[in-house]
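The values are calculated or read from the model by the stated rules, or taken from the named source; none is laboratory data. In this text the structure is predicted, and so the values were computed from the model without any measurement. Glycine gets a Cβ as well: all are built from the backbone with ideal geometry, and neighbour counts include every protein chain shown. In case anyone asks, the SASA skips ligands and DNA or RNA and just uses the protein heavy atoms, side chains included. Shrake-Rupley method; radii C 1.70, N 1.55, O 1.52, S 1.80 Å.
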Amino acid sequence: MLAREQDGSMADRLRDATSPYLLQHAGNPVDWWPWSDEAFSEARERDVPVLLSVGYSACHWCHVMAHESFEDVKTAALMNEHLVSIKVDREERPDVDAVYMTATQAMTGQGGWPMTVFMTPDREPFFTGTYFPREQFQRLVLGVANAWREDRGSVTGQAKRIAAALAEQMQGGAAVRDSVGPGREVLRQACDGAVAGLRSIYDARRGGFGGAPKFPPSMVLEFLLRHRERDPGESGELAQRMAAGTLEAMARGGMYDQLGGGFARYSVDTDWVVPHFEKMLYDNALLARVYAHWWRRTGSALARRVAAETCSWMIAELRTPEGGFASALDADSEGEEGKFYAWTPAQLHEVLGDADGRYAAEVFGATSAGTFEHGKSVLQLRADPADAERFARVRSALLAAREQRVRPGRDDKVVAAWNGLAIAALAEAGLLLERPEFIAAARAAAELIAGTHLARGRLARTSRDGVPGGSAGVLDDYACVAEGYLALYGVTGEARWVTLAGQLLETALDRFGDPDGGFYDTADDGEPLIYRPADPADGPSPSGTFAVAGALLSYSALTGSARHRAAAARALGPLPAIASRYPRAGGWGLAVAEAVVSGPAEIAIVGAAGDARTGALHRMALLAAPPGAVIALGTGGECGGKGEGGGEAADGQKTESRPPVPPLLTGREPIGGAPAAYVCREFACRMPVTDPEVLRAELGSADGSA
């Protein structure tokens, strides 16, 4: 029987959800359940199959299917009669999404959202798909219900075979795990081979890899930049060309918001003209960091501008009152995709007048035919305008006019992993670009995660309005937050972030590690699913496996921990196979591998916090750092195990008393009273230097790969 309130209305089980996506469906006529044991018990009691519908708040086609089917009374009545329907936010439950997306891809050859899965009350899938138009979905519901009644044995038999095949596939992946991990030479070969593999799919005319749709390959670009830093030869030059060509094409096309900054999720065409307009935190955090790294190596004015604008956009558009960063902005406003962002020439003229309207149309590539829908164009900036003053005035006027439009919705839940990526990007960009407000924003987000998400060494995956959600953190939460904390330490010198990163990595090792090598995506004491997911391949953000490899490597470089270094190597076990077959799915692992091949370099900066000479050495360390280098910041004479007094951080704030400092600082002293930098590799250090330019030269020759 359907659950009813005392007044006879249908129970709204989603009304107390912390996920904005679930709240969007709270008023549907569908009798939705959240993912829970109770939902499957209800299906078992009623003897009906389960419908699992997975999406996220910024998903355009999720909105379409919701309007067509889930808000439709007739469709809802069919669902309520024949099914127990479960709604899941993929961003809140990536483990559930991963398991059933694997099933969907295996059964249909493709995946996407909304994901539509029919399963037994034992959680075993037997029919999957993505978006279905209303009439087709209605027929599907009736067909599934009929098969469940009339041919139960075939349905449940197929479901058990599918579940067994998925579990066997996962065990097969576990069987090839390496309990030691690839050595430096194997990783060097994997990186060299990946560059050659990427060359074969590189779009030399338009940038990017492969055809449409084109997603921003942020992790691959980070790898290519690191490869060029390590290899000045032909392979490195090729990597640089592919990275620079793609970075410029993305920044000049319609996927980048030429008025407000920030990147959309992907381009639907090969020329980066028309985006899928939703904007995700993880994309922008990863891209802000890689554009900052492109600038530090090339001095590109475009790279610097895009890095700074993307960071500013994250702070302006995604920052929550609690100091964290919201997940995403919708693609739609007023029920229309891209309406907030697209322009007709007439609209440009209306805002700017005829002369500036013609100028804007020419500069931004807005045509009478339009580059998008309904004669509208997505603004591009294929070349920097000659008249910078006029361009700035026009851009400012258009941005102000756009602010009067109905804005896209915002998913304001805070995802731990994505905030970790934002913390790292904002901290590094703040120091590199001399923008202390970026560092302050990174610190505030780090404090929110520490104070709201973290309790007794365990992370909550999400929070909203300062209240943690009910979903446990998965591996990429622990890894990406640890990575963010270590990057923040390298910028601020606040040793508590190293301590917290160590706690998170300890949990990752204890609860997510596989004794045979590698990592699972879920904790060993988490909710049992039909199999325990463990996918090392990168998706739109770093895989948990490769993200934890990077954080473990950095932590070992700061602390000298051989245990963490060995665990990082084991986590890279799947990389050579992925790099040789599908290098686009191994970008973050390849970036970590470049750090392993290069050392990574360990840089200790010691000097008074308020001394400008300390600041100059510190910034040079980040500017000239080899791939994956770590930076430790102290006042000199530190002793591991003792705290130290406060000082002044890079953003001008006073720091509090610190926990024990990283061992990399132990015994390092200023030279003749002057701040000094020590360049080390595996804790073996060169002679200290006091001049930033000498430090640059030292770092340029600090590559341990030779």
request  = Within the stretch 434-510, report the trypsin sites (Lys or Arg not before Pro) that DSSP leaves as loop and that have at most 11 other Cβ atoms within 10 Å.
outcome  = Arg456
inquiry  = Between helix 496-507 and the chain, what is the angle of the helix's C-alpha long axis to the longest principal axis, kept within 0 to 90° and rounded to the nearest 10?
reply    = 50 degrees
query = If you wrap the stretch 484-577's Cα atoms in a convex hull and average its projection over all directions, what's the area in nm²?
reply = 6.9 nm²
query = Averaged per residue, what accessible surface does the stretch 663-705 expose to a 1.4 Å probe, in Å²?
reply = 48 Å²
ask   = For the stretch 295-382, what does the alpha-carbon gyration tensor say about shape, rounded, prolate or oblate, given a ≥ b ≥ c as the root eigenvalues, a/c under 1.5 as rounded, and a/b over b/c as prolate?
value = oblate
note = Averaged per residue, the 1.4 Å probe accessible area of the stretch 474-563, protein heavy atoms only, in Å², is roughly 26 Å²
message = Report, in listed order, any pair from Lys74/Lys160; Lys87/Lys160; Lys376/Lys413; Lys87/Lys413; Lys74/Lys413 with a Cα-Cα distance greater than 28 Å.
response = Lys74/Lys160; Lys376/Lys413; Lys74/Lys413
Ellipsoid equivalent to the stretch 48-136 - semi-axes via the Cα gyration tensor, in Å = 19, 16, 12
request  = Starting from the Cα of Arg241, step 7 Å along the direction of its Cβ; do the same at Arg44; then give the gap between the two resulting points in nm.
outcome  = 6.2 nm
ask   = Which residues' amide hydrogens lie under 5 Å from the amide hydrogen of Gly599, considering only partners 5 or more residues apart or on another chain, with H built in the peptide plane?
value = Gly704
query = What accessible area per residue, rounded to a whole number of Å², is obtained for the stretch 198-260 using a probe radius of 1.4 Å?
reply = 34 Å²
ask   = Where does the chain land at 222 nm, in deg cm²/dmol rounded to the nearest 500, when only DSSP H runs of n ≥ 4 count, each adding -39500 (n - 2.57), divided by all residues?
value = -15000 deg cm²/dmol
remark   = For Ile671, other-chain or 5+-apart residues with amide H closer than 5 Å (H placed, Pro excluded) are Ala676
note = Once Ala383 and Val694 are pulled to full extension, the length gained, defined as 0.36 nm per residue separation minus their Cα-Cα distance, is 108.3 nm
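Of the accessible area of the chain, with the probe set at 1.4 angstrom, what percent is carbon plus sulfur?
About 51 percent, which is the carbon plus sulfur part of the accessible surface.
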remark   = HN-Hα couplings for the stretch 101-113 via Karplus (6.51, -1.76, 1.60; θ = phi - 60°), in whole Hz with x for Gly/Pro, come out as 6, 4, 5, 4, 5, 5, 8, 10, x, 7, x, x, 10
Spherically averaged projected area of the stretch 140-233 from its Cα convex hull (nm²) = 10.9 nm²
message = Nothing charged except the Cβ atoms of Lys and Arg (+1) and of Asp and Glu (-1): what's the magnitude of the dipole of the chain about its Cα centre? Round to the nearest 20 debye.
response = 1200 debye
query = If you wrap a convex hull around the C-alpha atoms of the chain and split its volume per residue, what is the figure in Å³?
reply = 157 Å³
key: Relative contact order, percent, the chain [alpha-carbon distance under 8 Å, six or more residues apart]   = 12 percent
ask   = Taking the alpha-carbon centroid of each part, what is the distance from the stretch 458-530 to the stretch 93-151 in angstrom?
value = 31 Å
query = In nm, to one decimal, how far is the modelled label at Glu669 from the one at Lys160, with both set 7 Å along Cα→Cβ?
reply = 7.4 nm
